[in-house]
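Visitor: Encoded as structure tokens, here's the structure I'll be asking about.
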Amino acid sequence: MDIIFLHDLTIETIIGIYDWERKEKQSIVLDLDMGADIAAAAQTDAIEDTLNYKAVAKRLIDFVGDSEFQLVETLAERVADIVLTEFEVKWVRLRVNKKGAVRYAGDVGVVIERGVRQGVKHGESC
């Protein structure tokens, strides 16, 4: 399996459990690694034969920007579902970073993996 990645996608959104978080948009940063077979695209040199990361970015910017989740866990699950179902990706590793959420910590968030990563033998790490 090949991996197409989209890292440091920064989006302003309402996220959090505290009253002040419900009033002000905050920046969240998404890092996505998406399992795809790019062999056909490498042969044809055609965007139609690969995962269009610009289309993924646009969809996620719209979705996340309009969302108002309380938890980064919920946001992560919904984003992973969009990538898997709407873009026919077989596997995704997603990191959601809510920078500045904890005083004295630069990065705070979650990392999830969903789907099946092909080409990994039993017992190997992803």
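Visitor: Taking Glu88 as meeting all but one of (1) closer than 23 Å to Gln118 by Cα; (2) within 18 Å of the chain's Cα centre (by Cα); (3) at pLDDT 95 or above, write down the number of the exception.
Guide: Single failed check for Glu88: (3).
Visitor: In the range 2-36, what residues are loosely packed, with under 15 Cβ neighbours inside 10 Å and assigned to a loop (DSSP other than H, G, I, E, B)?
Guide: Result: Ile17, Tyr18, Lys23, Glu24, Lys25.
Visitor: Follow-up. Tally time: how many residues in the range 28-38 are modelled with pLDDT of 95 or more, out of contact with any Phe, Trp or Tyr (no Cβ under 6 Å at 6 or more places or on another chain) and not acidic (Asp, Glu)?
Guide: Going through the range 28-38 one residue at a time, the tally reaches 5.
Visitor: Among (1) over 16 Å from Val111 (Cβ atoms); (2) assigned to a helix (DSSP H, G or I); (3) in contact with a helix residue (DSSP H, G or I) (Cβ under 7 Å, 6 or more places away or on another chain), there is one condition Val79 misses while meeting the rest; what is its number?
Guide: (1)
Visitor: Only residues that are farther than 14 Å from Glu88 by Cβ and among the hydroxyl-bearing types (Ser, Thr, Tyr): list them for the range 17-52, please.
Guide: Residues satisfying the conditions are Tyr18, Ser27, Thr44.
The values are calculated or read from the model by the stated rules, or taken from the named source; none is laboratory data. What you see is a predicted model; the values in this text were computed from it and never measured. Note: ideal-geometry Cβ built from the backbone for every residue, glycine included; neighbour counts use all protein chains shown.
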